Amino acid sequence: MTVIRQDDVIQSVADALQYISYYHPKDFIDAMAAAYEREENPAAKDAIAQILINSRMCATGHRPICQDTGIVTVFVHVGMNVTWEADMSLDDMINEGVRRAYLLPDNILRASVLADPDGKRANTKDNTPAIIHHSIVPGDRVDIHVAAKGGGSEAKSKFAMLNPSDSVVDWVMEQLPKMGAGWCPPGMLGIGIGGTAEKAMLIAKEALLDPIDIQDLQARGPSNRAEELRLELFDKVNKSGIGAQGLGGLTTVLDIKVKDYPTHAANKPVAIIPNCAATRHAHFTLDGSGPVALKAPKLEDWPEITREAGENVKRVNLDTVTPAEVKTWQPGDTLLLNGKLLTGRDAAHKRMVDMLAKGEPLPVDMKGRFIYYVGPVDPIGDEVVGMLAQPPPRGWINLPARCWKRPAC
């Protein structure tokens, strides 16, 4: 009988979350590299190049792929013959692993989880609690899938209770324009069909844990309805013209995942959950031999890409730019910025709206200025963090972006 120790669960979860914060899965890198090679739209090709370059930098520097380091989702399959050497519940062990991962001094991950979501919305400070799903299965092992899901892509999730005769494909294609580019494509779409309302959402999320293998399915052909849907939707979604980061082009999704479950005769629940370009998930198995060490990928797994700005480069002086000049900018243009740029995010924007509604003057002159919608991150050691030229007024929010010690910075 396998004995699973408490510390092994905690350490394995913590290590896995750090791992996925800076390593993309190899199947994602391969699919993104292939998308880069076949892309014909210059703006979309440049966007994919930036994703791949950023991914390689994060892998070498062990820094987050995205400033939104996500809310943690965990799927746990516990073997029926497992015994535990622990004084904590399984959920408490997992949450302790999350806590250690997000507070690790060598690579602090942004805590984004808020308690009292319709009230004070107070940050829990350590990104706990995780969203945890359990299954009791035959065997003497514990299988754990961990994922870190960004808020932007999660916000674009969709659900509907269709009539049994309604077309799933038609509904998905109707929802796609409403999702826009806010889910940060190219990524994956997880689609859950059947069960009940909550089951459809659950299997849509679980589907995103599967590896990218649409090319294998295209080669062998479908063997069931779910696979037929994958192929049809993969083709139609990529012909939608949304493309990388919403800039058009050939690749909006790298794969479509479909899971289904038996449902009531009167219902057809359908859910869509997108995964963004910061695809972060890992799987490991605890067998009683100790904590799991995930193998680091090879640097050669990332393609060597040099980003070229092309001919659509425009130099912009932020201190003198006019509305008329802004109107000449086109999607896909590369803007080389010089001058004063303000930073802020949701809380800063809300504060501005509230002050304007009360007729109060803003503490910063916004006329002719741009706000860079940046995410808050923590500096590590003596790393440089971008700041305003002078400290912001009391009560004003300045959320800086990390500036790494690299030539590109």
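Some values worked out for this structure:
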| item | result |
| --- | --- |
| Index of the failed condition, Val270 passing every other in (1) crowded, with 19+ Cβ neighbours inside 10 Å; (2) modelled with pLDDT under 95 | (2) |
| In region 266-286, the residues that are within 14 Å of the chain's Cα centre (by Cα) and in a strand (DSSP E or B) | Ile273, Pro274, Asn275, His281, Ala282 |
| Leading residue by the ranking (farthest from Ala44 (Cα to Cα)) among those in region 314-334 that are within 32 Å of the chain's Cα centre (by Cα), part of a loop (DSSP other than H, G, I, E, B) and not polar (S, T, N, Q) | Leu318 |
| Thr343 being hydroxyl-bearing (Ser, Thr, Tyr) and open to solvent by 50 Å² or more (accessible area, probe 1.4 Å) | no |
| Region 273-295 - residue that is of a type in the set (D, E, K, R) and surrounded by fewer than 24 Cβ atoms within 10 Å (Cβ to Cβ) and, of those, nearest to Gly70 (Cα to Cα) | Lys295 |
| Among the residues listed as Thr252, Thr279, Thr285, the single one being modelled with pLDDT under 95, on the phi < 0 side of the Ramachandran plot and among the polar types (S, T, N, Q) | Thr279 |
| Scan of region 113-139 for residues that are open to solvent by 60 Å² or more (accessible area, probe 1.4 Å), in contact (Cβ under 8 Å) with a residue 40 or more places away in the chain and part of a loop (DSSP other than H, G, I, E, B), ordered by number | Pro138 |
| Matching entry among Asp68, Asp87 (being touching a Gly at 6+ places or on another chain (Cβ under 6 Å) and either closer than 17 Å to Ile131 by Cα or surrounded by fewer than 17 Cβ atoms within 10 Å (Cβ to Cβ) (or both)) | Asp68 |
| Residues (open to solvent by 50 Å² or more (accessible area, probe 1.4 Å) and more than 19 Å from Pro211 (Cα to Cα)) located in region 16-52 | Glu37, Arg38, Glu40, Pro42, Lys45, Gln50 |
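Yes/no matrix, rows are residues, columns are (1) surrounded by 12 or more Cβ atoms within 10 Å (Cβ to Cβ); (2) modelled with pLDDT of 75 or more; (3) more than 30 Å from Ala111 (Cβ to Cβ); (4) hydrophobic (A, V, I, L, M, F, W, C):
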position	(1), (2), (3), (4)
Asp319	no, yes, yes, no
Gly339	yes, yes, yes, no
Lys367	no, yes, yes, no
Gly375	yes, no, no, no
Val384	yes, no, no, yes
Gly395	no, no, no, no
Leu399	yes, no, no, yes
Arg406	no, no, no, no
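Yes or no, residue by residue, for (1) among the β-branched types (Val, Ile, Thr); (2) within 16 Å of the chain's Cα centre (by Cα); (3) within 17 Å of Ser12 (Cα to Cα):
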{"position": "Ser55", "(1), (2), (3)": "no, yes, no"}
{"position": "Gly70", "(1), (2), (3)": "no, yes, no"}
{"position": "Val76", "(1), (2), (3)": "yes, no, yes"}
{"position": "Asn81", "(1), (2), (3)": "no, no, no"}
{"position": "Ile94", "(1), (2), (3)": "yes, no, yes"}
{"position": "Arg100", "(1), (2), (3)": "no, no, yes"}
{"position": "Val113", "(1), (2), (3)": "yes, yes, no"}
{"position": "Pro117", "(1), (2), (3)": "no, no, no"}
{"position": "Asp140", "(1), (2), (3)": "no, no, no"}
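The values are calculated or read from the model by the stated rules, or taken from the named source; none is laboratory data. Predicted, not measured: the structure shown is a model, and the values here were computed from it. Note: ideal-geometry Cβ built from the backbone for every residue, glycine included; neighbour counts use all protein chains shown. Quick note on the areas: whole protein, heavy atoms, side chains included, nothing else; ligands and nucleic acids left out. Shrake-Rupley method; radii C 1.70, N 1.55, O 1.52, S 1.80 Å.
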